[in-house]
Amino acid sequence: MSISRRQFNRIVIWGGASFAASATSGIFFPKPAEAYSLEFPISALSADRVFNGIQKYCGAQPIPGVLSTILQGNSNVSSQIKPAAANAIRRADKEFVDRNFTSKRTELGQVGKSEEDNTLSVSRLWGRQRQEQVGPNVGFGFVQKWEDQYSDSKISGPTMCAIHNAQQVLADQRLTPPEIAASVLPTRSRIDDMSSWGGDADASAGRNPGAVFAQYDTAAGTVTSRYDLVEPGPKGFGRVEYIIEAENQPRRVILVTVRF
């Protein structure tokens, strides 16, 4: 589904809240920012479509047949997957299953070159899906070697939907797959953002039960995501504000209205 068919609008803002420093003078100049607004029907969301999008826009390569073997308890499954990485994948996947992400599991995919390449670390990723009242919720796990250990990030719901849409926006801006992956995929960070379309179920400590906030590091910078449930229930909608701060790129604010 193309951006134009999802009612895509683009606004360029100069002198936003993001700043860059001159390498010679040390003076801070306003960094250009771009804002995008688009709509996305939740019925178009699925683990397979998100996985295919990550392959297309971020350059992920599938590793067929490996994930099932890993989840069966085997660690020596492939020269591409070390035993410690297999164990991390298995632990993260169990958390998805424990939270009812039990349908439409994808194959394992890989983004990056090699674990010895410091400029583009390998990330293994896979997706699962669960059904909620308003529609499908897609969750993805990302496992990477970081400081001699394998860490995992788990992202679902609004933030994963925003990643799915944002990578298409970046592709329209002629970013290459490595640049898109470096802008939106978690890298060398640990995040547990397994949220629902109903928002944060924990309303303690002043939290808004209809909102979700997440922030994580990428290879090129930082991503901040905030979701607000605007109109609950079927035929309602929610909004995700997804902010990309990436090196040598304008600050991009992508507003996704998700229609239930």
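Descriptive notes on the structure:
- Test result for V169, under 25 Å from R90 (Cβ atoms) and open to solvent by less than 10 Å² (accessible area, probe 1.4 Å): no
- Considered as a group, the residues in segment 130-143 that are part of a strand (DSSP E or B) and open to solvent by 10 Å² or more (accessible area, probe 1.4 Å) include one that is farthest from V111 (Cα to Cα), and that residue is E132.
- For segment 215-260, filtering for residues that are part of a strand (DSSP E or B), without any contact (Cβ under 8 Å) to a residue 60 or more places away in the chain and within 17 Å of Q173 (Cα to Cα) leaves 1.
- Test: residue in segment 94-109 that is open to solvent by 80 Å² or more (accessible area, probe 1.4 Å), modelled with pLDDT under 95 and either within 20 Å of S151 (Cβ to Cβ) or outside any loop (DSSP other than H, G, I, E, B) (or both): no
- Scanning segment 36-54 for residues that are assigned to a helix (DSSP H, G or I) and either open to solvent by less than 20 Å² (accessible area, probe 1.4 Å) or more than 20 Å from F101 (Cα to Cα) (or both) yields a total of 7.
- Residues located in segment 172-201, provided they are under 11 Å from the mean Cα position of the chain (by Cα), open to solvent by less than 20 Å² (accessible area, probe 1.4 Å) and within 13 Å of F142 (Cα to Cα): A181, V184, L185, P186, I191, D193
- Identity of the residue in segment 55-74, among the small types (G, A, S) and within 23 Å of T187 (Cα to Cα), that ends up least open to solvent (accessible area, probe 1.4 Å): A60
- Complete set of residues in segment 152-166 that are open to solvent by less than 10 Å² (accessible area, probe 1.4 Å) and over 14 Å from E95 (Cα atoms): G157, P158, T159, M160, C161, A162, I163, N165, A166
- Contacts under 8 angstrom Cβ, first residue in segment 42-69 being under 12 Å from G127 (Cβ atoms), partner small (G, A, S) and outside any strand (DSSP E or B), 6 or more apart: F51/A60; I54/A60; A60/A181
The values are calculated or read from the model by the stated rules, or taken from the named source; none is laboratory data. Quick caveat, the model's predicted, so the values are computed rather than measured. Cβ coordinates were reconstructed from backbone atoms using ideal geometry, including for glycine residues, and neighbour counts include every protein chain displayed. Just so you know, the surface numbers come from the protein's heavy atoms only, side chains and all, with ligands and any DNA or RNA stripped out. Shrake-Rupley method; radii C 1.70, N 1.55, O 1.52, S 1.80 Å.
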